[in-house]
């Protein structure tokens, strides 16, 4: 039988990372950026961008706390700041601002013919491993509190979300005909409400931990 703590963290981590990275929302941008490209280019950008984004998130998950300590920033303060940042992202999702910003960035990329490699920018950064995703993975690792099983659960969840992203990118062509803007925008708003609740929980955890120090 699974440990309830592991199950709880797995569900929280999956919902948080799935909503923050937003594979379906990123897919719509990926389709827009690679619409005129061949399948080989799409797959190359998908694999490279997902790997780079995953590497960045893994780095901050492993070494982010040490980096913060060098700056004199405590984990409770980061929990509160990260929760505020995630909450602002949730508000953008609810009011349909995040997708609009991503679409504007995609249009800027398409208008510049010299930027033909989208794997690093904007796919890996900031679409996959943006500030919200970095803050979230560090908060989730912080919740694991040095427990190897819980930390492994967080990394497994991150890998699963990145795998979902990669699979969607690989199927960009067929999915572009199935998913419409209405579906994407509606799903983004619903997930934004859930994300807002998780962000508030991050803030409450940070405040509680700061009072216990």
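No lab work stands behind these numbers, since they all come straight from the coordinates. Quick caveat: nothing in here was measured; it's all calculated off a predicted structure. FYI the Cβ positions are ideal-geometry reconstructions off the backbone, even for glycines, and counts take in every protein chain you see.
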(request) Compute the length gained on full extension between residue 156 and residue 204: take 0.36 nm times their separation in residues and subtract their Cα-Cα distance, giving the result in nm to one decimal. (result) 14.7 nm
(request) Sort 136, 28 so the one with the fewest other Cβ atoms within 10 Å of its own Cβ comes first. (result) 28, 136
(request) Starting from the Cα of residue 48, step 7 Å toward the Cβ, then list every residue of region 121-147 with an amide N under 15 Å from that point. (result) 121-125
(message) At R0 = 25 Å, how high is the FRET efficiency between residue 77 and residue 97 if r is their beta carbon distance? Nearest 0.05 is fine.
(response) 0.40
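For residue 39 and residue 65 in one chain, what is 0.36 nm times their gap in residues minus the Cα-Cα distance, to one decimal in nm?
5.4 nm
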(request) Would you please give the FRET efficiency between residue 148 and residue 11, computed as 1/(1 + (r/R0)^6) with r the Cβ-Cβ distance and R0 = 25 Å, to the nearest 0.05? (result) 0.85
(request) Project the alpha carbons of region 122-181 onto their principal axes and report the range along each, largest first, in whole Å. (result) 44, 22, 17
(request) Neighbouring Cβ atoms within 10 Å as the yardstick, rank 8, 66 fewest first. (result) 66, 8
(request) Kindly put 35, 44 in sequence by how many other C-beta atoms sit within 10 Å of each C-beta, fewest to most. (result) 35, 44
